[in-house]
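Report on the following structure.
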Amino acid sequence: MSDSAEQADGSTPRLGVVGAGAAGAAAAYALRDADVAVTVFEKSGGVCGRAATRRRDGCYYDHGANYVKEADERTAALLEELGTEGLVEIDEPVWTFDGEGTIEPGDRESTKRTWTEGITQLAKRLFDRAGTTVNRRTRIDEIRARGTDRETDAETRWGLTDTEGSEYGPFDALLVTPPAPQTAELLRATDWDDARREALVDAVDAVPYRTIRTVVLHYPFRESYPWYGLVNPDREHAIGWLSREECKPGHVPDGESLLVVQMSPAWSTETYDDALAEIESEVCDRVADLLGEDRYRDPDWTDDQGWRYALPDSAVDAEAIRTAEDARLYFAGDWVAGEGRVPSALWNGHETGERIGAALD
Ligand SMILES: Cc1cc2nc3c(=O)[nH]c(=O)nc-3n(C[C@H](O)[C@H](O)[C@H](O)COP(=O)(O)OP(=O)(O)OC[C@H]3O[C@@H](n4cnc5c(N)ncnc54)[C@H](O)[C@@H]3O)c2cc1C
């Protein structure tokens with residue numbers, strides 16, 4: 001069972017989830033048949049977090065995570081279970097380029113999935129199948145502990161407050177899924193007076209992140225290439241990744257092209273606060289040089305997104321965060337799994353949801 005807290009009857013255990021990314025959505029999905037009322041709070045207007053899609057002028061583009069790598073059978077089975085309509089595969093491979101801009105065939109030929117309406121379909125379908133209500137545009141800025149029994153923790157109840165001062169709860173368990181630095185901020189702003197808290201905050205705060213700035217370039221023409229994406233493994237180029245959304249069925253009208261360009265962490269950090277207009281021509285010039293085609297210097301429209309906490313570089317100390325589970329405070333996400341990948345976040349959220357279900361049973 002999964003429904004809004006307002007509709008839950010008194011005897012049904014309640015779970016509050018902060019964040020509607022892949023981890024939060026998979027946790028809700030794992031609890032779809034459990035007797036737990038799940039309420040999700042998401043600060044943005046959409047779902048799926050860093051696996052994000054925008055729509056403009058007849059194009060869909062995934063400007064965060066580019067695709068879901070279907071590396072194992074359980075991921076393949078889950079994507080099918082969520083519905084095959086609109087589930088598409090990117091046929092072309094990912095090639096590489098070095099710091100000098102030399103492009104070479106790569107061996108990254110794994111199955112790459114997204115949906116005609118974009119990668120956000122993943123969380124949309126998970127929440128939809130689970131019947132979960134997501135409270136969008138609700139930024140949580142405080143976690144409150146209510147009625148903690150210091151002896152047993154058994155009576156711990158959690159409450160949440162958003163930036164408008166609205167309060168939610170009580171919840172019998174809480175799942176927190178924002179990137180580690182944002183989770184650490186929430187943990188600092190909790191009144192949970194417990195010996196575990198300091199070590200918990202330190203562990204979460206210690207997860208290092210890479211910053212990425214995505215620049216989107218649209219052109220009224222289409223070139224043909226044998227690759228879908230280009231990645232820079234030596235990390236010596238200002239461009240870290242470049243891909244062609246037109247390789248995804250349904251994303252770009254015929255005769256047009258849309259490039260998703262992810263700049264390197266060093267370049268992205270340096271220019272993070274610069275307006276798109278200030279950096280656009282440099283990015284276009286770098287793309288034109290890399291692809292050896294002058295027409296890329298002049299896109300007909302552009303877009304961008306900065307991801308300050310794009311990818312965790314290592315995992316959190318799992319032991320430190322597991323200590324909070326006795327108090328029914330849980331964490332999930334790519335930084336818990338230790339890999340900045342959608343499937344890692346997804347399965348970490350799913351497994352955490354299963355543990356929560358067992359604890360609340
Ligand atoms: C540029 C880029 C490219 C990537 N490319 C790939 C790729 O090709 N393949 C791949 O597998 N992975 C890729 N990734 C990584 C992938 O996107 C992440 O690993 C995955 O989406 C993480 O999911 P999550 O649920 O852990 O976190 P998130 O997606 O970050 O979800 C957390 C959610 O919490 C919300 N939130 C944060 N704070 C609050 C708050 N205070 N109150 C309420 N809500 C809050 C956020 O808005 C967000 O929706 C990429 C990431 C980036 C940024």
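Here is how the numbers come out for the structure above:
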read-out: Gyration tensor verdict on the range 26-81 (Cα atoms; rounded if a/c is under 1.5, prolate if a/b is larger than b/c, oblate otherwise); value: oblate
read-out: Most mobile listed residue (E256, E42, E293) in the chain, GNM with C-alpha springs under 10 Å; value: E293
read-out: Reciprocal of mean inverse Cα separation for the chain (Kirkwood radius, Å); value: 21.3
read-out: Max mean-square fluctuation residue, GNM over the chain, Cα-Cα springs under 10 Å, options A310, A189, A20; value: A189
read-out: Given charges at Cβ of Lys, Arg, Asp, Glu: the range 1-137 dipole, positive-most of Y67, G99, A26; value: A26
read-out: Taking the chain and dividing mean pair separation by its residue count, relative contact order in percent (alpha carbons under 8 Å, at least six apart); value: 23
read-out: Top of V176, V342, V287 by mean-square fluctuation, Gaussian network on the chain, Cα under 10 Å; value: V287
read-out: Contour excess over end-to-end distance, with Cα ends at D202 and S11 and 0.36 nm allotted per residue; value: 65.2 nm
read-out: The range 177-251, dipole about Cα centre (Lys/Arg Cβ +1, Asp/Glu Cβ -1), debye to the nearest 20; value: 420
read-out: Convex hull per residue volume in Å³, alpha carbons only, for the range 244-344; value: 158
read-out: Expected-Rg normalisation [2.2 N^0.38 Å, Cα atoms] applied to the range 204-255; value: 1.52
read-out: Positive-end residue, the range 139-272 charge dipole about Cα centroid, Cβ charges, pick of V207, V261, F171; value: V261
read-out: Rounded accessible area per residue of the range 99-245, 1.4 Å, Å²; value: 45
read-out: Unit charges on C-beta of K, R, D, E only; dipole of the chain, Debye; value: 660
read-out: Cα convex hull of the range 7-108 - mean projected area over all directions, nm²; value: 10.3
read-out: Within the accessible area of the range 132-232 (1.4 Å probe), percent carbon and sulfur; value: 41
read-out: Residues listed by number, the range 205-245, amide nitrogen under 17 Å from L276 label point at 7 Å toward C-beta; value: 212-220, 243, 245
read-out: Rule-of-thumb Rg ratio for the range 40-179 [Cα; 2.2 N^0.38 Å; N residues]; value: 1.40
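The values are calculated or read from the model by the stated rules, or taken from the named source; none is laboratory data. Model, not experiment: these values are computed from the prediction. Ideal geometry is used to build each Cβ from the backbone, glycine not excepted, and the neighbour counts take in all protein chains shown. SASA here: full protein model, heavy atoms, side chains in, ligands and nucleic acids out. Shrake-Rupley method; radii C 1.70, N 1.55, O 1.52, S 1.80 Å.
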